[in-house]
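Report on one structure; see the data block that follows.
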């Protein structure tokens, strides 16, 4: 069995769906305006996913329709980010770059990693930072393919600083840890029944990406004009220089539909 065959076939086209019956998993791949239905025996599929972590992640992103990660940061960091990419705290310090911290304490003990949220920002932390620090923030939309490209992504079903992670032997880079982010029940509570499939159960769930997120992986920059009215021209100018969309939006500066459940 050549597992690369399936991976390359999906990469050349666009994986639009995955279905299964009792004997096969079917990859529905759009290529040249035609949908090809590729059958893989369930036994082979399980072997492929187990042995090829990148392929497993690729499948899962498509199955959950996860297109975007988000990362919020002070507007003071934007110029540097659009030149060097989003860097971990360790790389920022090692390279002597100035930066404004959103979380100076980093109780997660992961200075080598960058915190991102799946599909929507961690609104609980984001709101508190904007109110308490009185900083001006933007939200960066990141292509979810960064999960595939990153050398050591870590998957947390809640805040990575939660004391639970100090006393666990869980493999945080595993597919099981990724799936746990979306389970009906997580360590902090239960899933809101009307939550979109591409949202993790806990709004504070994180995917930590190691070292760097390239500028080319930043899809767009979002800002709230009510908070950044005096900086709109600066933001748009910086974004144009690197051909990144700049979006005026209240969406990411609001809360998810499960707000009342996590108050």
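The values are calculated or read from the model by the stated rules, or taken from the named source; none is laboratory data. Fair warning: this is a prediction, and the values are worked out from it, not measured in the lab. Reconstructed Cβ throughout: ideal geometry from the backbone, glycine too, with neighbour counts over all protein chains shown.
Look at the range 148-177: where a residue is farther than 17 Å from residue 209 by Cα and a partner is not in a helix (DSSP H, G or I), sitting 6+ places away or on another chain with Cβ atoms under 6 Å, you get 164/187.
Based on what the data block shows, is residue 199 part of a loop (DSSP other than H, G, I, E, B) and exposed (fewer than 13 other Cβ atoms within 10 Å of the Cβ)? It is false that residue 199 is part of a loop (DSSP other than H, G, I, E, B) and exposed (fewer than 13 other Cβ atoms within 10 Å of the Cβ).
Every condition in (1) surrounded by fewer than 16 Cβ atoms within 10 Å (Cβ to Cβ); (2) in contact with a helix residue (DSSP H, G or I) (Cβ under 8 Å, 6 or more places away or on another chain); (3) at pLDDT below 95 is met by residue 215 except one, and the failing one is (3).
When 86, 147, 114, 142 are checked against the criterion of being crowded, with 21+ Cβ neighbours inside 10 Å, under 17 Å from the mean Cα position of the chain (by Cα) and at pLDDT below 90, 147 stands alone in meeting it. The residues in the range 103-158 that are in contact with a helix residue (DSSP H, G or I) (Cβ under 6 Å, 6 or more places away or on another chain) and either outside the structural domain of residue 215 (by TED's automatic domain parsing) or over 15 Å from residue 73 (Cα atoms) (or both) can be counted, and the count is 10. Among the residues of the range 250-261, the ones that are touching a helix residue (DSSP H, G or I) at 6+ places or on another chain (Cβ under 9 Å) and surrounded by fewer than 16 Cβ atoms within 10 Å (Cβ to Cβ) come to 3 in all.
Of the residues 46, 52, 17, the single one that is at pLDDT below 75, surrounded by 15 or more Cβ atoms within 10 Å (Cβ to Cβ) and not assigned by TED's automatic domain parsing to the domain that holds residue 183 is 52.
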